[in-house]
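Trainee: Got a structure here, written out as structure tokens. Questions coming.
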Amino acid sequence: MQMRGVKRMKLGTPQPMDCPCCFRPGDPLFCAQCSPEDSPARLAALRALLKQRNLDGYLIPSEDAHSSEYVAEVDQRRAFISGFTGSAGTALVTQDKALLWTDSRYFVQAAAQLGPEWTLMKQHEPGVPAIEDWVATHMKGKVVGCDPSLMAAARTLDWIQKKWSPQSVSLVTVPENLVDMVWGEAQPARPCNRIDVHPTQLAGCTVSEKLKMVREEMAEQEVGALVMNALDQVAWLANLRGSDIACNPVFFSYAVVLPGSAVVYTQLLDDMDTHASCVHELETHLEPACVLLKPYSSFISDLPHVVGESKVMLEKSTCTLAMHEALGTRELVQVDVSPVESMKARKNEAEIAGIRAASLKDSVAIVKYFCWLQEQLARERSVNEFDGAAYLSELRRQQPGCVGDSFPTISSSGANAAIVHYHASEKECAPIDPAKVYLCDTGGQYTDGTTDITRTLHFAGTPTEEERKCYTCVLQGHIGLAQAVFPAGTTGLQLEMLARGPLWKHGLDFGHGTGHGLSLIHISEPTRLLSISYAVFCLKKKKKRAKRCNQLQQKK
């Protein structure tokens, strides 16, 4: 499939450039004084690279090469260049502007973390253009660069076709990541941790059984290959778990499913001297399903050879521009939801039992924590937000099968409780005030499931009328949604209105999705979120196929 409107920067010898700090020419690109310690210096270094490559702007998304919501430190490029550490947002740096788009969950945090050299663009707020509209308006006839391995192909190609090409805006994919070049030797190494086999009794299906169901869907779509880069999908399909990203049991990988075989690309094969024993265990586990292991680093170059001339299925939301480029002119079938994602969303009996067990264990830890906290505050012993979260993590790890937190606990008191994704640090945290609202948003990662809950508490004194009203409206929304009876085909977006209705009556709302994650691998399964309207449809469509896994397990 030809990517119209996307140009590829030709590799060659870069033109000599001067250090943006002292204008010293030569190699390395930046002097010791310019090993940028703050955002202004980092922006100056990045702009020097833009000038060298004849680029007018550079896009820096939050995601890694696998479209992950949570990324490893090595992939936190947007945070490095801007100072904003929230999990969602896209930066655009030009020669004279630095802009960051993020959603309402992070307005307060971004405003506090961004320096004066940055402009905060509040997504979906009146009068604030989307990033693609801003580029179309302010960069007519100019060239914007990006790392193709980090850009979602479907969204980016849509921007080009509908917004940028009519305004003569060119998008150029740059082989090397420019933020990485600024980061230099200070950039953390990419994690490459051990990968463990996920037991069949917890998975409910073998790898062979899962591949059989996937291939049935591929046959219906008349495709010869399914290519995946979403880490949770690869982990689920291969019945494997890792720890390359904090709080997420995943490992850096890609996968290709073919009619008679499959390939999983993992970093372990890039360093066989260190991981030979683990690789042997994985090969023993995957061999019965005809799954071959290959080096992670070879994925892009190997992809055209593995799929041959087959028609290829890709998931729109996760497939990157780099994958598109590698597949060239092959015919592509782009689906809203990968067959693996749909099957993962419909839990079998073993998975449901595991999630229930994980929820029960995590509830024990949380109740113990709240009892302890209430006692400490009643005795007028000071507990700050950070120490509270740390003690909860300690209690959680005492539960059998606990791997750790499923995300950094949001332990927030008073005004901090209004920051949707607030994160207390050891150096910056507030004492938990018993006379103010205390919000605890927390979850656990277990071998048998993943949890995520939020509780809002008030330990002493009387809450204000405004606090009581807001709390009651949220409770009414919970009850309304829990009691809903709805026909098949009802969308998640329609059901979400029941949760928001009581708040709307008072002119209130919340700027994030509805619901929490009770899942298998991480807390943000796309087909779980009520705000995604196709969720109910996808679950209904895949119901028959997912039930087969339950039947296979019962026969055993």
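The values are calculated or read from the model by the stated rules, or taken from the named source; none is laboratory data. Values in this document were obtained by computation on a predicted structure and should not be read as measured data. Every residue, glycine among them, receives a Cβ derived from its backbone with ideal geometry; neighbour counts consider all protein chains shown. Calculation scope for accessible area: heavy atoms of the full protein, side chains included, ligands and nucleic acids excluded. Shrake-Rupley method; radii C 1.70, N 1.55, O 1.52, S 1.80 Å.
Trainee: At 1.4 Å probe size, what's the solvent-accessible area of Lys311? Round to the nearest 10 Å².
Mentor: 50 Å²
Trainee: Quick check on the chain: helices-only [θ] at 222 nm, where DSSP H runs of length 4 and up contribute -39,500 (n - 2.57) each and the sum goes over total residues. Nearest 500, please.
Mentor: Mean residue ellipticity at 222 nm (helix-derived): -11500 deg cm²/dmol.
Trainee: Here is a further query. Using DSSP to define loop residues, name the GluC sites (Glu not before Pro) in segment 343-381 whose beta-carbon has at most 15 other beta-carbon atoms within 10 Å.
Mentor: Glu380
Trainee: Rank-order 126-133, 336-343 by packing density, defined as the average count of other C-beta atoms within 10 Å over each peptide's residues, highest first.
Mentor: So the order, starting with the most tightly packed, is 336-343, 126-133.
Trainee: Would you be so kind as to identify all helices of the chain, as entire DSSP H runs, whose Cα atoms reach 15 Å or more along the helix's own axis and whose mean Kyte-Doolittle hydropathy is at least -1.0?
Mentor: Taking the DSSP H segments of the chain (at least 15 Å long, mean hydropathy at least -1.0), we get 39-52, 207-221, 272-286, 349-378, 385-397, 465-482, 492-504.
Trainee: I've got another one for you. Between Glu216 and Thr284, what is the FRET efficiency for a Förster distance of 22 Å, r being their Cβ-Cβ separation, to the nearest 0.05?
Mentor: Calculated value: 0.25.
Trainee: What relative contact order, as a whole-number percentage, does segment 364-454 give when Cα pairs under 8 Å and 6 or more residues apart are counted? Kindly include the intermediate steps, with their values, before the conclusion.
Mentor: Numbers: 145 pairs, mean separation 26.6, N = 91.
Relative contact order, segment 364-454: 29 percent.
Trainee: How big is the Kirkwood radius of segment 265-411, worked out from every pair of different alpha carbons and given in Å to one decimal?
Mentor: Over segment 265-411, the inverse of the mean reciprocal pair distance is 20.2 Å.
Trainee: Stretch Gln494-Arg356 to full length: gain in nm at 0.36 nm per residue minus the Cα-Cα span?
Mentor: Value of the extension gain: 47.0 nm.
Trainee: On to the next question. Take every Cα pair under 8 Å in the chain that's 6+ residues apart, average their separations, divide by the length, and report that relative contact order as a whole percent.
Mentor: Relative contact order, the chain: 12 percent.
Trainee: Heads up, I need the accessible area for Ser425: 1.4 angstrom probe, whole protein in place, Å², nearest 10.
Mentor: For Ser425, the solvent-accessible surface is approximately 40 Å².
Trainee: Are there trypsin sites (Lys or Arg not before Pro) in segment 370-419 that DSSP puts in a loop and that have at most 10 other Cβ atoms within 10 Å, and which ones?
Mentor: Those that pass, being in a loop and sparsely packed, are Arg379, Arg381.
Trainee: Distance in nm between label sites at Ala276 and Glu428, each 7 Å beyond Cα in the beta-carbon direction?
Mentor: Going from the Ala276 label point to the Glu428 one covers 4.8 nm.
Trainee: Work through the residues other than Trp183 whose Cβ is under 9 Å from its Cβ and net out their charges, Lys, Arg +1 and Asp, Glu -1.
Mentor: Neighbourhood net charge equals 0.
Trainee: Given the Cα-Cα distance of Met181 and Arg379 and 0.36 nm per residue of separation, how much length would full extension add, in nm?
Mentor: That pair, Met181 and Arg379, stretches by 66.0 nm at full extension.
Trainee: Moving to a separate point now. For segment 141-270, what does the relative contact order come out to in percent, with C-alpha contacts under 8 Å and a separation of six or more?
Mentor: It comes to 21 percent, rounded to a whole number.
Trainee: Could you derive backbone 3J(HN,Hα) for segment 253-270 from the dihedral phi with the Karplus parameters 6.51, -1.76 and 1.60 (θ = phi - 60°), listing whole Hz in sequence and x where the residue is Gly or Pro?
Mentor: In residue order, the calculated couplings are 6, 9, 8, 10, 9, 10, x, x, 7, 8, 10, 10, 9, 9, 5, 4, 7, 7 Hz.
Trainee: Give a quick list of trypsin sites (Lys or Arg not before Pro) in segment 415-488 that DSSP marks as loop, anything other than H, G, I, E or B, with at most 14 other Cβ atoms within 10 Å.
Mentor: Hits after loop and neighbour filter: Lys427.
Trainee: If you don't mind, there's one more thing I want to ask. On a 26 Å Cα-Cα criterion, which of the cross-link pairs Lys163/Lys311; Lys436/Lys469; Lys212/Lys361; Lys122/Lys162; Lys210/Lys361; Lys122/Lys163 come out too long?
Mentor: Lys163/Lys311; Lys212/Lys361; Lys210/Lys361
Trainee: Also, I was wondering about something else. Could you work out how far the C-alpha centroid of segment 87-160 sits from that of segment 267-313, in angstrom?
Mentor: Segment 87-160 and segment 267-313 have Cα centres separated by 36 Å.
Trainee: Tell me, what does the Kirkwood hydrodynamic radius of segment 134-188 come to in angstroms if you use every pair of distinct C-alpha atoms?
Mentor: Numbers: mean 1/r = 0.0808 Å⁻¹.
After inverting the mean inverse Cα-Cα distance, the result is 12.4 Å.
Trainee: Could you tell me the accessible area of Arg190 in Å² (1.4 Å probe, neighbours in place), rounded to the nearest ten?
Mentor: Answer for Arg190: close to 80 Å² accessible.
Trainee: Mind checking the full-extension length gain between Glu394 and Phe486? Use 0.36 nm per residue of separation minus the Cα-Cα distance, one decimal, nm.
Mentor: Numbers: separation 92, 0.36 × 92 = 33.12 nm, distance 4.11 nm.
Gain in length upon complete extension: 29.0 nm.
Trainee: Something else: What fraction of the Cα pairs in segment 370-497, stated in percent, has a spacing above 18 angstrom?
Mentor: 61 percent
Trainee: Same structure again: Put a dot 7 Å past each Cα toward the Cβ at Thr454 and Lys51; how far apart are the dots in nm?
Mentor: Output for this residue pair reads 4.6 nm.
Trainee: Using bins 10 angstrom wide from zero, how does P(r) for the chain break down, in % of all Cα pairs?
Mentor: Calculated P(r), rounded to whole percents: 3, 15, 26, 27, 19, 8, 1, 0.
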